[in-house]
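Structure, as structure tokens:
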Amino acid sequence: MAVVFISPKQRQKVFFTGITVMFLLFLSIIALSVFLSKPKESVPTIIFNKTKINIKTEVFDSDQFKTLQPFMEMNIFYSYKAITKTKQPRGGFISAVSQNEARTKLEGSGLTVVEIKEAEIGRDNPFTPYYEVLVKQPGVK
């Protein structure tokens, strides 16, 4: 009978340790080859394809183009402070294309313009409601 100095459990432990070391060595080689590799450098090539563009200007000679109407100018809101003929202050908003036109409209309606400026559009806080209902509690001033 042969004399065996290594027990079967020790042999099994050495076998699994060897397989684990070989597997980790294999994974580390693959990881190093993937993470340390650099991409291939390619020479950038510039390709310019000149497109052929034809502009047809015959449309400017057509009757349909000649009868086009220009766009209306957009009205701007102006806030004003004015004095009536009876020396009463009045303020409000007026819509006009320019500040001079707004002044002319106001003077045409019999007002003496003190101040006129473009109204700011929008609100300071967009989350406040348009209409707030104030509820007075009894005994609170």
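The values are calculated or read from the model by the stated rules, or taken from the named source; none is laboratory data. Treat the numbers as computed from the prediction; the structure is a model and nothing was measured. A quick note on method: Cβ atoms are made from the backbone with ideal geometry, for glycine too, and the neighbour counts reach across all protein chains shown. These area figures cover heavy atoms from the full protein model, side chains too; ligands, DNA and RNA do not enter into them. Shrake-Rupley method; radii C 1.70, N 1.55, O 1.52, S 1.80 Å.
Computed over protein heavy atoms with a 1.4 angstrom probe, the accessible surface ordering of Asp63, Asp124, largest first, is Asp124, Asp63. Spin-label model, Lys38/Leu68: points 7 Å from Cα along the beta carbon direction are separated by 5.7 nm.
Just the protein heavy atoms count here, and of the accessible area of the chain at 1.4 Å, carbon and sulfur take up 62 percent. Calculated on C-alpha atoms, the gyration radius of the chain divided by its Kirkwood radius gives an Rg/Rh of 1.59. Computed with a 1.4 Å probe over protein heavy atoms only, the accessible surface of the chain comes to 104 Å² per residue.
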